[in-house]
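Enquirer: Below you will find the structure I want to go over with you.
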Amino acid sequence: MSPLSRLLRRPEAVAGAIILALLFAMALFASLLFPGDPQAIAGPALLPPFQDWSLPLGTDRLGRDVLAEVFHGARTSLAVGLAAAAASLLIGAVVGTLAGFAGGLVDEVLMRTTDAFQTVPSFLLALAFVSIVGPSLGIVVAAIALGAWTGPARVARAEVLSIRERDYVAGARVIGMHPLAIAFREVLPNALPPVLALSSVIVAAAILTEAALSFLGLGDPNRVTWGGMIAEGRTVLRTAPFLSIVPGIALVLTVLGVYLAGEGVVETTAVRRSLS
Amino acid sequence: MSLLAVRDLTKRYRRGGKTIAAVDGVSFAIEPGETLALAGPSGSGKSTIARLVLRLIEPDAGSVQFEGDDFLALSGTALRSKRARLQMVFQDPLSAFNPRATVARALDDPLRIHAIASSAERPARIAALLERVGLAADLAPRAIHEISGGQRQRVAIARAIATNPSLIVLDEAVSALDVSVRGQILELLLDLQARERIAYLFISHDLGVVRAIAHRLVLLDTGRIAESGDARAVIDAPQSAIGKALVAAAPRLNRIRP
Amino acid sequence: MSALAEIRDLSVRYISDGGEVSALKRISLDVVAGERLAIIGESGSGKSTLALAIAGLLPGSATIEGRIGWQFQASRSFPPPSVLPDISPTRGEIGSVAAGSPSARSAIGEAGNDSLISPLVGEMSGRTEGGAVERRLSGASPIPGRDIGFVFQDPSASLDPVMTVDKQIAEVARTHLGLDWPQAYARAKHLLGRVRLPDPQAAMHAFPHQLSGGQKQRVAIAAAIAAGPKLLIADEATSALDTIVQAEIVSLIRQLVAEDGMTLLFISHDIALAAELAERLAVFRHGGLVEIGATEQIVTAPRQPYTRALLDAHLGLDAAPLLRQAPA
């Protein structure tokens, strides 16, 4: 049985995959379906949803198309979530591998640094970083990764500590392989599966952090973000609650979809590992 | 001059506040083309000696001379290039390879690291290595976990001989194999030794196998040498207490066979 | 000599990634009550699958066909046999015959001794429907741990690392014999003495990691016999140990089996070791039974070439050395 068909036998994983597929489609086709600037004025201000079918989800305080904003917001959320998760997994895997494989002083320095980052709440870290360096998409990604790499680093180190005692690592030393080649060619690839298992949680958390930063006005001002939409809608929450509810639902579904699909992948690969 | 000369090798471990000598002042030598067996019960220090000789762990005292060099003084690039001459085969051929490795990659590594062949020549070298250990060349693209245990141990031997070593440490190298496969692997080892004068440091708990393949035997007990000498002479008439106990405990069919 | 277990046409298949793997192919053999039977085979011979099948410990993903008929001469109060009607339309003739046999055997047993002996015939058969295993019990099957003691190869994996050894043994006694904790601990102490741990007093409160491999295997044996099983299965129980400890464990097993009148099923890859312990040898290869017979017959006059090859491959201390000449 192929991994894909095993994945498709889990209903929660299928639900997650469908949500994710929709989300990717929204992000991909955003400029096709809604060409032009999503932040341009498209109609009367504060048009409620389902009134005008050219503006199905209505307009916001400034008369911008909410549906176009939701589509373009999906781009930002996905881009930031995936980029931040990839960056933190990469940093974490490298730091964890070096610490676990080198041991001694290198391990001590790297792990105490990890401790230092872990003791500061990651959201405060991101907040401080963005408010000092200034908001832009790249900075937001870096700020989120700054607080998220410690988990992967710890998992990678623990895995490397067990792998470096295996015979094949001793075997690589016996044939004269360079220590760095052993760390990154022999050890790291085999330490990755449990680290990658963290990715769904990290992507979901990164999307939420990005939304929170945007909500506080620290997102990239040139991009539509769901967090920013909720923040805008907050001022008219009593008269036009849909302005906060629509991006809120998008956010909830996205995080849920990422999490379910990610867990499904982890579960199926875990089954395969235990079988082999 | 001996190929390998080990003098007063000592390795201590600290366990629960107490210091235990896993290897305690062990000395022995191996001549070119010779098989020296290290045997003893578990905890006698035989595997620790193997790892010390290979410098997978560092000794607390003693010296290791290999091909005339002070092997313990080497480090960095010098140590890594000297490793070509001193190879190892592990007990469990499955855990001795990277789980992601193919046969070709397992054999490509030593050839690449020691610049034995250019990348264009390596496929032909790999095929030749497989042939030398009695395997078909078309095994190369297979994953290590797909082939049988006996084939895996042959690949491990091919990897060990890829760099033209003068000494191979065989750490319980046939203990995990089925008896029918074990005989073939022992034959292969003897054949390689006869053709290429490779010396073996043969570590085993099984005196039957030792008696079948080794020239000389060092019997260990709790980190010290209990007795040593011609392998068959020691096993046929052991003098030490541990030698007598090991011989008495070995299962034998002739107690039943008339 | 009566059969403790009658194995008939037992086939076991595992579903693995690529498809079905046949681990046992239509095996029929009797385990005679009170005997020491060794199952010999190389890797992939199905010897461990047979041990697990007899103990009822096969994973749920395994497909089991055929049957194992049990005849326990119960020494304790077992529940009375309840023979369920066989309503399965897919059961073959063998199953139907088997379903009829318990009552017949019960009658014989009751005629022999009314009150003391309550013969039990258990039967286990399974078949698959869409990958799921249906295991039906008619009569009473043996309970693993109570009626069958099992000693695994690796005691570090079979003992609980965070539980003291006396508690692990006491737990078995408490679960299967209905003892209270003080009685169970007393039994654990007694058993640790019987398996001849060097210092039973100190070992009682030890955790498994504080013991050597041989000591751990002694504890595992004590736990396996704690409920007084009729059948002791040792699956490669000495393979991870060195030669000296292996000989000690084999002599311990021999003694315990003799003292308690247990039946022994000794699974091993080592024909010489098995021959020293067992009265009968069964040689397995590729999931099939090659031959079975008295140890002396198998060792001195094997009927099958494979058995002869196994015997010849044994490198004893008297075998001709492979090494031909001294180094030049």
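Enquirer: Could you tell me whether A:PRO48 is touching a Phe, Trp or Tyr at 6+ places or on another chain (Cβ under 7 Å), open to solvent by 20 Å² or more (accessible area, probe 1.4 Å), in contact (Cβ under 8 Å) with a residue 24 or more places away in the chain and over 26 Å from A:SER136 (Cα atoms)?
Expert: Judged against the criteria, A:PRO48 is a match.
Enquirer: So which of B:LEU111, B:LEU38, B:LEU74 ends up being within 10 Å of chain A (Cβ to nearest Cβ) and of a type outside the set (Gly, Ala, Ser)?
Expert: B:LEU111
Enquirer: Quick check on region B:60-83: of everything there that is in contact with a helix residue (DSSP H, G or I) (Cβ under 9 Å, 6 or more places away or on another chain) and farther than 25 Å from B:ILE113 by Cβ, which residue is surrounded by the most Cβ atoms within 10 Å (Cβ to Cβ)?
Expert: Step by step, filter region B:60-83, then rank; the result is B:GLY62.
Enquirer: Quick test of your reading of the structure: B:VAL26 fulfils all but one of (1) of a type outside the set (Lys, Arg); (2) surrounded by fewer than 19 Cβ atoms within 10 Å (Cβ to Cβ); (3) within 30 Å of B:LYS244 (Cβ to Cβ). Name the failing condition by number.
Expert: (2)
Enquirer: Of B:GLN151, B:GLN91, B:GLN184, which residue is polar (S, T, N, Q) and touching a Leu at 6+ places or on another chain (Cβ under 7 Å)?
Expert: Numbers: B:GLN91 fails: touching a Leu at 6+ places or on another chain (Cβ under 7 Å); B:GLN184 fails: touching a Leu at 6+ places or on another chain (Cβ under 7 Å).
Exactly one residue qualifies, and that residue is B:GLN151.
Enquirer: For region A:58-77, which residues satisfy the criterion of being open to solvent by less than 20 Å² (accessible area, probe 1.4 Å) and assigned to a helix (DSSP H, G or I)? Outline the logic, then answer.
Expert: Applying the first criterion (open to solvent by less than 20 Å² (accessible area, probe 1.4 Å)) to region A:58-77 yields A:58-60, A:63, A:65-66, A:68-70, A:73-74, A:76-77.
If the condition is that a residue be open to solvent by less than 20 Å² (accessible area, probe 1.4 Å) and assigned to a helix (DSSP H, G or I), then A:VAL66, A:ALA68, A:GLU69, A:VAL70, A:GLY73, A:ALA74, A:THR76, A:SER77 are the ones that fit.
Table: residues versus (1) part of a loop (DSSP other than H, G, I, E, B); (2) crowded, with 20+ Cβ neighbours inside 10 Å; (3) among the basic types (Lys, Arg); (4) modelled with pLDDT under 65.
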{"site": "C:LEU29", "(1), (2), (3), (4)": "no, no, no, no"}
{"site": "C:GLY34", "(1), (2), (3), (4)": "yes, no, no, no"}
{"site": "C:ALA38", "(1), (2), (3), (4)": "no, yes, no, no"}
{"site": "C:ARG76", "(1), (2), (3), (4)": "yes, no, yes, yes"}
{"site": "C:ASP86", "(1), (2), (3), (4)": "yes, no, no, yes"}
{"site": "C:ILE94", "(1), (2), (3), (4)": "no, no, no, yes"}
{"site": "C:PRO102", "(1), (2), (3), (4)": "no, yes, no, yes"}
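Enquirer: Right, here's the next one. When you scan region A:32-47, do you find a residue that is in a helix (DSSP H, G or I), closer than 27 Å to A:LEU256 by Cβ and over 17 Å from the mean Cα position of the chain (by Cα), even just one?
Expert: yes
Rundown of residues vs (1) more than 7 Å from chain B (Cβ to nearest Cβ); (2) part of a helix (DSSP H, G or I), yes/no style:
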{"site": "C:ILE267", "(1), (2)": "yes, no"}
{"site": "C:ALA275", "(1), (2)": "no, yes"}
{"site": "C:VAL283", "(1), (2)": "yes, no"}
{"site": "C:LEU289", "(1), (2)": "yes, no"}
{"site": "C:ILE292", "(1), (2)": "yes, no"}
{"site": "C:THR307", "(1), (2)": "yes, yes"}
{"site": "C:LEU315", "(1), (2)": "no, no"}
{"site": "C:PRO321", "(1), (2)": "no, no"}
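Enquirer: Considering only residues of region B:95-125 that are of a type in the set (Gly, Ala, Ser) and open to solvent by 50 Å² or more (accessible area, probe 1.4 Å), which is farthest from the chain's Cα centre (by Cα)? If you could, list the steps in order and put the result at the bottom.
Expert: First, the residues of region B:95-125 that are of a type in the set (Gly, Ala, Ser): B:95-96, B:101, B:104, B:106, B:115, B:117-120, B:124.
In the following step, the residues that additionally are open to solvent by 50 Å² or more (accessible area, probe 1.4 Å) were identified as B:115, B:118-120, B:124.
Details: B:ALA115: 24, B:SER118: 28, B:SER119: 29, B:ALA120: 31, B:ALA124: 27 Å.
Ranking the qualifying residues of region B:95-125, first place goes to B:ALA120.
Enquirer: Of the residues A:SER88, A:SER54, which single one is more than 14 Å from A:MET229 (Cβ to Cβ) and touching a residue at least 40 places away in the same chain (Cβ under 8 Å)?
Expert: Details: A:SER54 fails: touching a residue at least 40 places away in the same chain (Cβ under 8 Å).
None of the other options fit; the residue is A:SER88.
Enquirer: So, one more: Considering only residues that are in contact with a Lys or Arg (Cβ under 8 Å, 6 or more places away or on another chain) and surrounded by 19 or more Cβ atoms within 10 Å (Cβ to Cβ), look in region B:172-189 and name the one that is nearest to B:ALA96 (Cα to Cα).
Expert: Applying the first criterion (in contact with a Lys or Arg (Cβ under 8 Å, 6 or more places away or on another chain)) to region B:172-189 yields B:174, B:185, B:188.
If we keep only those that are surrounded by 19 or more Cβ atoms within 10 Å (Cβ to Cβ) too, we end up with B:174, B:185.
Values: B:VAL174: 13, B:ILE185: 16 Å.
Only one residue fits best here, namely B:VAL174.
Enquirer: Tell me, yes or no, whether region A:106-125 has at least one residue that is more than 14 Å from chain B (Cβ to nearest Cβ), in a helix (DSSP H, G or I), open to solvent by less than 50 Å² (accessible area, probe 1.4 Å) and touching a residue at least 60 places away in the same chain (Cβ under 8 Å).
Expert: No: region A:106-125 contains no residue that is more than 14 Å from chain B (Cβ to nearest Cβ), in a helix (DSSP H, G or I), open to solvent by less than 50 Å² (accessible area, probe 1.4 Å) and touching a residue at least 60 places away in the same chain (Cβ under 8 Å).
Enquirer: If you don't mind, there's one more thing I want to ask. Could you check C:ALA206 against (1) outside any helix (DSSP H, G or I); (2) open to solvent by 50 Å² or more (accessible area, probe 1.4 Å) and say which number it fails?
Expert: (2)
Enquirer: Right, next: May I ask you to verify whether A:SER214 is open to solvent by less than 30 Å² (accessible area, probe 1.4 Å), over 26 Å from A:LEU55 (Cβ atoms), of a type in the set (S, T, N, Q) and in contact with a helix residue (DSSP H, G or I) (Cβ under 7 Å, 6 or more places away or on another chain)?
Expert: no
Enquirer: Test C:THR238 against the criterion of being among the β-branched types (Val, Ile, Thr) and closer than 28 Å to B:GLY243 by Cα, and give yes or no.
Expert: Here the answer is yes, as C:THR238 does meet what is asked.
Enquirer: Right, next: If C:GLU171 satisfies all but one of (1) open to solvent by 30 Å² or more (accessible area, probe 1.4 Å); (2) under 29 Å from C:ILE40 (Cα atoms), what's the number of the condition it fails?
Expert: (2)
Enquirer: Only one of A:ILE182, A:ILE202, A:ILE132 is on the phi < 0 side of the Ramachandran plot, at pLDDT 90 or above, open to solvent by 50 Å² or more (accessible area, probe 1.4 Å) and not charged (D, E, K, R). Can you tell me which?
Expert: The match here is A:ILE132.
Enquirer: Please tell me if C:VAL299 is within 12 Å of chain B (Cβ to nearest Cβ) and either in a helix (DSSP H, G or I) or open to solvent by 10 Å² or more (accessible area, probe 1.4 Å) (or both).
Expert: When the stated conditions are applied, C:VAL299 passes them.
Enquirer: Checking the structure you have, find out if any residue of region B:129-147 is in contact (Cβ under 8 Å) with a residue 12 or more places away in the chain, within 14 Å of chain C (Cβ to nearest Cβ) and part of a helix (DSSP H, G or I).
Expert: So the first thing to find is which residues in region B:129-147 are in contact (Cβ under 8 Å) with a residue 12 or more places away in the chain, and the list is B:129-130, B:132-135, B:139-145, B:147.
Still in the list and also within 14 Å of chain C (Cβ to nearest Cβ): B:143, B:145, B:147.
Retained after the next criterion (residues that are part of a helix (DSSP H, G or I)): B:145.
Yes, region B:129-147 contains at least one residue that is in contact (Cβ under 8 Å) with a residue 12 or more places away in the chain, within 14 Å of chain C (Cβ to nearest Cβ) and part of a helix (DSSP H, G or I).
Enquirer: Moving on. Among the residues of region B:215-238, write down those that are more than 17 Å from B:PHE28 (Cβ to Cβ) and either more than 9 Å from chain C (Cβ to nearest Cβ) or within 18 Å of the chain's Cα centre (by Cα) (or both).
Expert: Selection gives B:ALA237, B:PRO238.
Enquirer: Could you please let me know if B:ALA212 is of a type in the set (A, V, I, L, M, F, W, C) and more than 7 Å from every other protein chain (Cβ to nearest Cβ)?
Expert: no
Enquirer: Please work out if C:VAL245 is within 14 Å of chain B (Cβ to nearest Cβ), open to solvent by less than 40 Å² (accessible area, probe 1.4 Å) and either modelled with pLDDT of 95 or more or farther than 24 Å from C:ALA38 by Cβ (or both).
Expert: No.
The values are calculated or read from the model by the stated rules, or taken from the named source; none is laboratory data. The structure presented is a predicted model; accordingly, all values stated were derived computationally and were not measured. Here Cβ is always computed from backbone atoms with ideal geometry, including for glycine, and neighbour counts include all displayed protein chains. Remember, those area values only see protein heavy atoms, side chains included, never the ligands or the DNA or RNA. Shrake-Rupley method; radii C 1.70, N 1.55, O 1.52, S 1.80 Å.
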